[in-house]
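Below: one structure, written as structure tokens.
Since every read-out is calculated from the coordinates, none of them should be taken as a lab result. All figures in this text were calculated on a predicted structure; none of them were measured in a lab. Heads up, the Cβs are rebuilt from the backbone with ideal geometry, glycines too, and the neighbour counts pull from every protein chain shown.
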Amino acid sequence: MKIVIIPPWRGRTLKYMVKNKTDYSILLIVATLYLALIWHYQTSPKYVLFSTVIFALVYLVWGVIHHLKSKSFHARIVLEYLLVASLGIAIISTLLL
């Protein structure tokens, strides 16, 4: 049995992103805004943490809305987005201490 690894840019992922370009454009804009806020407030840890929490919440809501629109919504999807958002908050808060 041969295992074939298909990079994301050659498989269904890129086609899916192109098909849902509005959703992913919104996510890109929000992520860019988050990075700009982090850069601007890099000397103030409480603003960085606040921006991270807001971004995590927006990411969670974006994921739920995106999967509701694409009719692929499940409870495990919410759990996945919640865990990724929580991990991001945990990493940033640990780095700020």
Practice problem: Could you work out how far apart the two model spin labels at Tyr41 and Val84 are, taking each label as a point 7 Å from the Cα in the direction of the beta carbon, and quote it in nm? | Solution: 2.3 nm
Exercise. Hydropathy first: keep DSSP H helices in the chain averaging at least 0.5 on Kyte-Doolittle, then drop any whose Cα extent along the axis falls short of 20 Å, and list what survives.
Key: 21-40, 45-69, 75-96
Self-check item: 5 angstrom amide H check on Phe73, placed H, neighbours 5+ away
Solution: none
Quiz item: What nm value, rounded to one decimal, do you get for the distance between Val61 and Val18 when each label is placed 7 Å out toward the C-beta?
Solution: 3.1 nm
